[in-house]
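Chemist: Sending over a structure as structure tokens; questions will come in a sec.
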Amino acid sequence: MGYELRNLDNDIERAIYSQDERLILINTEAPIVRLYVNGQGRFKDGARLLLAELFLDVITNELARRYVDRTTQKGEHEAYMQVKQNI
């Protein structure tokens, strides 16, 4: 449905997909995201590449999760990472 800037209470994950809200949640606590967000909570003009990278990362995570969850490797972190890398 879109994306929303939100504090996810950690500085590790840059962005995640919320299935319940059908939104990509971009973490305003992530250091790289903070560099590209202005004081009004909006992306600066130079943030287009970061935004594209965050979307790609979240989409590949979701595709890998859906693919691996249909196999006998469900729950295996290494399987998710391998599928994500292949995508």
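Chemist: What are the pairs, 6+ residues apart or on separate chains, where a residue within the stretch 60-87 that is free of Cβ contacts under 8 Å to residues at least 60 places away in the same chain and of a type in the set (D, E, K, R) has its Cβ under 7 Å from a residue that is open to solvent by 80 Å² or more (accessible area, probe 1.4 Å) and not in a helix (DSSP H, G or I)?
Modeler: Listed pairs, sorted by first residue: none to list.
Chemist: Same structure again: Consider only pairs whose beta carbons are under 6 Å apart and that are at least six residues apart or on different chains; among these, list those whose first residue lies in the stretch 22-43 and is at pLDDT 90 or above and among the hydroxyl-bearing types (Ser, Thr, Tyr) and whose second residue is surrounded by 12 or more Cβ atoms within 10 Å (Cβ to Cβ) and in a helix (DSSP H, G or I).
Modeler: none
The values are calculated or read from the model by the stated rules, or taken from the named source; none is laboratory data. Just so it is clear, the model here is predicted, and its values are computed rather than measured. So basically every Cβ, Gly included, is an ideal-geometry build from the backbone, and we count neighbours across all protein chains shown. In case anyone asks, the SASA skips ligands and DNA or RNA and just uses the protein heavy atoms, side chains included. Shrake-Rupley method; radii C 1.70, N 1.55, O 1.52, S 1.80 Å.
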